[in-house]
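Here is the structure we will look at, set down as structure tokens.
No value in this document is a laboratory result; all are computed from the given coordinates. Keep in mind it's a predicted model, so treat the numbers as computed, not measured. Heads up, the Cβs are rebuilt from the backbone with ideal geometry, glycines too, and the neighbour counts pull from every protein chain shown.
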Amino acid sequence: MAENILVYVEHLNGEVTDASFGLIALARQLASVNGASVEAAIIGGGAHGLAAKLAGADTILVGDTDTFGDFNPQGHSEVFAALVTSREPAITLVPYTSVGMDIASLTAATCNLPLVSYCLSVDAQDTLSATCQLYGGKVEVDVEVEGDRAIFAMLAGCASPDEGRSGGAGVVESIDVAVPDLGITFVSLTEPESGDVDITTEDILVAIGRGIESEDNIEEAQELADALGAALAASRPIIDQGWLPKSRQVGKSGLSVKPKVYLALGISGAPEHLEGMRDSSTIIAVNSDPQAPIFGVAHYGWVGDIFDFMPELTARLEG
Amino acid sequence: MKIAVLMRAVPDPVEELEIGDDGVDLDRDFLGYVLNEFDDHALEEGLLLREETGGSLTAYAIGTADEVTQMLHTAIAKGADSAKQLGEDLDVIDAHAQAAAFVDAVRDTGFDLILSGVQASDELDGQVAMLVAAALGLPHISVVVSATPHEAGLKVTKEYWAGITAEYEIDLPAVLGVQTAREAPRYVAVARIRQAQESGALESLDLDQPDPAGRIRVTAMRLSETGDGAEMIEGDEEAAAERVYEILASAGVV
Ligand SMILES: Cc1cc2nc3c(=O)[nH]c(=O)nc-3n(C[C@H](O)[C@H](O)[C@H](O)COP(=O)(O)OP(=O)(O)OC[C@H]3O[C@@H](n4cnc5c(N)ncnc54)[C@H](O)[C@@H]3O)c2cc1C
Ligand SMILES: Nc1ncnc2c1ncn2[C@@H]1O[C@H](COP(=O)(O)O)[C@@H](O)[C@H]1O
């Protein structure tokens, strides 16, 4: 059985992401149990310069290239898949991020390996197994993988990034990055426009989700936010509808926030939302569905209708 | 442009879920199914592109359930030129098998563009869109928030994180995993859906039952802990507001 653990390292604007450091930490934990070695693969422009940061890995496989210097879903996937084929890792860890989502399924299909998505944890003691979330976080499953090799797409927060930042200096190796005929060309990167309010610096956030039902009802949430001296934030569907600007979005593709109080109203608590707010000091959730996963991270919860709750709390604050 | 949109029925996220007696799957007897929300965005982006470039759009879905038929009729009512309902017995299969079924159906049809939602809530063993791309050897981009015609291909915006996006040019044929359409998915009147039911634009295709090829075995399924460690507030909204006020006060924010 192949003994190494391979981590896909994502990087943007000259920085290795926290999700990648988290996976290196997780790989270290797994390796300490069965004596495996940890390999980190970093592909793209500037990869060489970043290799030194990946000290938590025993071997750092560097595919520095100008041909697809910025993330190229096809180029990076093909190079990584070739690496998985040649290095034969027992465990391949990919972050379940926007970048990892392009890498994981393609690598699994190309290398004919099982893929386990939405993973919270991985275990490699006897058989390869994992615990994953399904159905928007409402359900947890334990799975066992057939065979002795697999790819795991890990949800955010599965291990501490800080632990993945330290370690001895690994051995750096260059890898082949030739990819014929790329059908995809990177054009440009766009940084977000800053909004009227910076939700990452607010002490109190009143966050609304699809439970708010219509644009007209946002006023009622705004009144509550005003009474509380809070800013209004939201889950993705509210932003996608155009009801609030992108700068108010909390979660995977929005912003990460850590206010003193996060009041979640009509938000189910999908993993993509939770990864942006679970570190808030106090989380209070109101949702009519007692199974809503938001109650799994909340410190306080009330099962009920936000349209009953909002005016009541606004009145209490104003009274 | 000839466009295929791959759509899937997933358990309705707002319904109460129960675990079946076998302990490794949902109790599906009374479960309601809805269109995967990201597939709705894929359909919308496909309809916008078809309006811009001409050509045709075909919607595909797997399963014989009434909800699946309804989903496809809705797609026709929204503007799909045709729809194909795959399978005699293809319900409850893994993402690998779903992808294999879609690949079987579209492989020789000469599509320029295959769109699907970026993910679905039950894709334990991979994202269908990307598995299809791999099987067909086509370039792919996931987490797409805009795809517009550009020269012989498309200009595609992919979302990263923290509001950062990247723009790409992609050659056709290609596969995109759509996160959000450029515009909110359109609504369609019930009368139009009834018309679609009469239109004959929906065709059933029998496919061989694909092997469940994901090679992962669920050994246990449980409802996630909710409120574990949380204080659940009892009583009506007045009691809830009062308790929340106290909590805010002890957090020092009011
Ligand atoms: C790549 C990717 C990135 C993503 N990034 C993000 C992100 O950054 N941020 C984000 O939020 N999501 C993100 N998502 C989407 C995420 O998967 C969920 O779809 C989304 O978080 C759901 O938002 P919601 O909770 O508001 O809606 P829903 O899941 O529809 O939940 C609505 C909730 O409101 C409750 N409700 C309804 N009416 C009432 C009422 N009257 N009173 C009380 N409760 C009520 C319901 O019980 C339900 O729990 C991303 C998805 C993908 C694939
Ligand atoms: N993935 C699915 N997509 C659509 N319908 C499904 C799915 N899974 C189950 N169903 C429907 O639910 C019914 C019960 O499923 P089962 O108990 O697995 O036979 C089936 O008759 C299907 O119509």
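Some points to look at:
- Taking the Cα centre of the stretch B:1-114 as reference, the dipole from Cβ charges on Lys and Arg (+1) and Asp and Glu (-1) amounts to some 820 debye.
- Most simply put, the protein assembly as shown has about 35% antiparallel DSSP beta bridges, counting only bridges with both residues inside it.
- Amide H contacts of residue A:282: A:261, A:262, each under 5 Å away and 5 or more positions distant or on a separate chain (H built 1.01 Å from N in the peptide plane; Pro and chain starts excluded).
- Cα-Cα pairs of the protein assembly as shown separated by more than 42 Å (percent): 20 percent
- Residue order, fewest to most surrounding Cβ atoms within 10 angstrom, among B:221, A:310: B:221, A:310
- Whether the stretch A:199-318 is rounded, prolate or oblate, judged on the alpha carbon gyration tensor where a/c under 1.5 counts as rounded: rounded
- On Cα atoms only, tilt of A:306-318 relative to the major axis of chain A in degrees: 60 degrees
- The H on the amide N of residue A:233, modeled in the peptide plane, is under 5 Å from the matching H of A:206, A:207, A:208, each at least 5 residues off or on a different chain.
- Averaged over B:99-109, number of beta-carbon atoms from partner chains that fall within 10 Å: 0
- Extending 7 Å from Cα along the Cβ direction at residue B:242 and again at residue A:222 yields two label points whose distance is 3.2 nm.
- Within the straight-line cut-off of under 30 Å between alpha carbons, the lysines reachable from residue A:138 are A:246, A:252, A:258, A:260, B:158, sequence neighbours fewer than 8 places apart in one chain being disregarded.
- Using alpha-carbon coordinates, inclination of helix B:190-199 to the longest axis of chain B, degrees: 30 degrees
- Expressed as a whole percent, the proportion of Cα-Cα pairs in the stretch A:149-230 lying more than 17 Å apart is 78%.
- Note on residue B:107 and residue A:163: their simple-model spin labels are 4.5 nm apart, each label 7 Å out from Cα toward Cβ.
- Taking every alpha-carbon pair in chain B and binning the separations at 10 Å intervals from zero gives 7, 27, 30, 19, 11, 6, 0 percent.
- In sequence order, calculated HN-Hα J values of the stretch A:131-140 (Karplus, 6.51, -1.76, 1.60; Hz; x Gly/Pro): 10, 10, 9, 10, 6, x, x, 6, 10, 10
- Normalising the average separation of contacting C-alpha pairs (under 8 angstrom, six or more residues apart) by the number of residues puts the relative contact order of chain A at 15 percent.
- In terms of packing, defined here as the mean over residues of other Cβ atoms within 10 angstrom, the peptides B:227-240, A:201-214 line up highest first as A:201-214, B:227-240.
- Taking the Cα centre of the stretch B:2-205 as reference, the dipole from Cβ charges on Lys and Arg (+1) and Asp and Glu (-1) amounts to some 1060 debye.
- Computed FRET value (nearest 0.05) for residue B:217 with residue A:315, which takes r as the C-beta separation and R₀ as 51 Å: 0.45
- With the cut-off at under 15 Å, measuring from each backbone N in the stretch A:257-281 to a point 7 Å along the Cα-to-Cβ line of residue A:198 picks out A:257-259.
- Annotation: the antiparallel percentage among DSSP beta bridges lying fully within the stretch A:199-318 is about 0.
- Nearest-20 debye value, the stretch A:5-174 charge dipole, Cβ charges on Lys, Arg, Asp, Glu: 120 debye
- Taking only Cα atoms of the stretch B:147-254, radius of gyration then Dmax in Å: 25.3, 64
- Look at the dipole of the protein assembly as shown built from charges on Cβ: of B:230, A:91, A:167, the Cα furthest out on the positive end belongs to A:167.
- Computed [θ] at 222 nm, deg cm²/dmol, chain B (DSSP H ≥ 4; -39,500 (n - 2.57); rounded to nearest 500): -9500 deg cm²/dmol
- Quarter of the Cα convex hull surface for chain A, i.e. its orientation-mean projected area (nm²): 17.1 nm²
- Other protein chain Cβ atoms within 10 Å, averaged over every residue that makes up B:129-138: 4
- Computed from backbone phi with θ = phi - 60° and the Karplus coefficients 6.51, -1.76 and 1.60, the 3J(HN,Hα) list for the stretch A:268-277 is 6, x, 4, x, 5, 7, 4, 5, x, 9 Hz; x is used for glycine and proline.
- As a rough footprinting exposure proxy, the listed residues A:188, A:281, A:256 were ranked by other beta carbons within 10 Å of their own, and the order from fewest upward is A:188, A:281, A:256.
- If you look at the Cα atoms of the stretch A:5-174, you get an Rg and a Dmax of 14.6, 43 Å.
- Helix B:37-53 axis, angle to chain B major axis (alpha carbon atoms, nearest 10°): 30 degrees
- Vicinal HN-Hα couplings computed from phi for the stretch B:16-32 (Karplus, 6.51 cos²θ - 1.76 cosθ + 1.60; Hz; Gly/Pro x): 6, 9, 10, 8, x, 4, 6, x, 10, 8, 5, 6, 8, 4, 10, 6, x
- Estimated 222 nm signal from helices in chain A, with DSSP H stretches of n ≥ 4 weighted -39500 (n - 2.57), rounded to 500: -8000 deg cm²/dmol
- Burial ordering of A:138, B:84, A:258, fewest other beta-carbon atoms within 10 Å first: A:258, B:84, A:138
- Positive dipole terminus of chain B, leading residue within B:63, B:24, B:166 (C-beta point charges): B:166
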